[in-house]
1. Pop out the carbon and sulfur fraction of the accessible area of the range 25-91 as a percent, whole number, probe 1.4 Å.
2. Per residue, how much accessible surface does the range 25-91 expose to a 1.4 Å probe? Answer in Å², no decimals.
3. Place the peptides 39-48, 70-79, 52-61, 6-15 in order of packing, highest mean first, counting for every residue the other Cβ atoms within 10 Å and averaging per peptide.
4. Go ahead and run the numbers for FRET between D32 and F4, Cβ-Cβ distance against an R0 of 35 Å, rounding to 0.05.
Amino acid sequence: TVPFISTLFLTLLLLFLALFPGAFNCCTKISDEIPKGTLRQVEGFEMQKADGLCRLEAVILHIKGRKFCVSPQIRKVKKWIKKIKHKIPRRKPHSRNQRRIKIVKKKRNNS
């Protein structure tokens with residue numbers, strides 16, 4: 001019965017991960033302060049809502065392959081989001097990292 005329970009547990013865990021891929025990407029702690037100059041280094045950001053899998057509302061800042069969770073109530077962050085919203089790509093919440101493919105249109109020769 002022990003191998004059966006282990007197999008059942010593993011199956012349920014894999015099923016959970018397949019159904020809820022973002023379950024372990026939630027911010028569990030957020031900072032109420034943001035160091036000076038941090039917002040200039042942001043490569044992308046996403047909004048985390050306090051619903052479903054994630055219990056905290058947060059702004060996730062992506063800087064050099066790392067993520068930083070900050071409070072969306074910080075005045076500096078609110079102002080920054082309004083200003084920069086269209087300039088920095090907003091990542092889809094809880095998406096797995098996908099390889100970006102650059103599509104280059106080939107020029108046709110009209111000769």
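1. Values: 2410 of 4870 Å².
Solvent-exposed carbon and sulfur of the range 25-91 make up 49 percent of the total.
2. 73
3. Top of the packing list down: 52-61, 39-48, 70-79, 6-15.
4. Efficiency, rounded to the nearest 0.05: 0.15.
The values are calculated or read from the model by the stated rules, or taken from the named source; none is laboratory data. Because the structure is predicted, anything quoted here is derived from the model rather than measured. Using ideal geometry, Cβ is built from the backbone for each residue, glycine included, and neighbour counts are taken over all protein chains shown. The accessibility values were calculated without ligands, DNA or RNA, using every heavy atom of the protein model including side chains. Shrake-Rupley method; radii C 1.70, N 1.55, O 1.52, S 1.80 Å.
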